[in-house]
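Note sheet for the following structure.
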Amino acid sequence: MKQRDGARGSRHERGYDARWTRLRDRFLRENPLCAECLRCNRDQVADVVDHIQPVRDFPDKRLLKSNLQALCVACHAGKTAMEQYAREIDLLDELPIWVADISARPLRFRPSGFR
Ligand SMILES: [Zn+2]
């Protein structure tokens, strides 16, 4: 991959290029609230755009809108923990189901009130 001076290859390899930046900004404008907070009946402004299926595992899905969700910082931390667990037990394919449906998650990843 061609690199501009000063740009580190790893950033490109991880998918954080200009196309991603534009997509992320537009996605946040279209989805200003945290998707996980909405699932929990809370209104919270989103801070980050999360890849539901991680770029490192599914690089072909990095610019797929259906693989994105807007999250607040706290919910992103929770998603990351759930993602690490899914990777450990080799169930990354289940992650989109867990993300969308709180009742389908392992107990430890259900927010209080959804146990
Ligand atoms: Zn949230």
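FYI, it's all coordinate maths here, none of it is from the lab. Nothing here was measured: the structure is a model prediction, and the numbers come from that model. Cβ coordinates were reconstructed from backbone atoms using ideal geometry, including for glycine residues, and neighbour counts include every protein chain displayed.
Any idea what the dipole of segment 9-109 comes to, in debye rounded to 20, about its Cα centre with Lys/Arg Cβ at +1 and Asp/Glu Cβ at -1? Please report the intermediate quantities before stating the final value.
Numbers: 17 positive and 16 negative charges, 70 e Å.
The dipole magnitude comes to about 340 debye.
Nearest 10 degrees, 0 to 90: what angle lies between the long axis of helix 18-30 and the longest principal axis of the chain (Cα atoms)? Helix 18-30 and the main axis of the chain meet at about 40 degrees. Taking Cα atoms only, the orientation of helix 73-88 departs from the longest principal axis of the chain by about 90 degrees.
Using helices alone, what [θ] at 222 nm do you get for the chain, with -39,500 (n - 2.57) per DSSP H run of 4 or more residues, divided over all residues and rounded to the nearest 500?
Mean residue ellipticity, 222 nm, calculated: -11000 deg cm²/dmol.
Take every Cα-Cα pair in segment 9-109 and report what % of them are more than 22 Å apart. Result: 28 percent of Cα pairs exceed 22 Å.
Count the net charge of all other residues whose Cβ sits under 13 Å from the Cβ of Val73, scoring Lys and Arg as +1 and Asp and Glu as -1. Display every interim value, and only then the final one.
Numbers: positive: Lys79; negative: Glu36, Asp47, Asp50.
Spelling it out: positives minus negatives among the neighbours equals -2.
What FRET efficiency do you get for Val45 and Asp93 if R0 is 25 Å and r is their Cβ-Cβ distance, rounded to the nearest 0.05? In this case the efficiency is close to 0.25. Cβ screening of the chain for cysteine pairs under 4.7 Å finds these without a partner: Cys40, Cys75.
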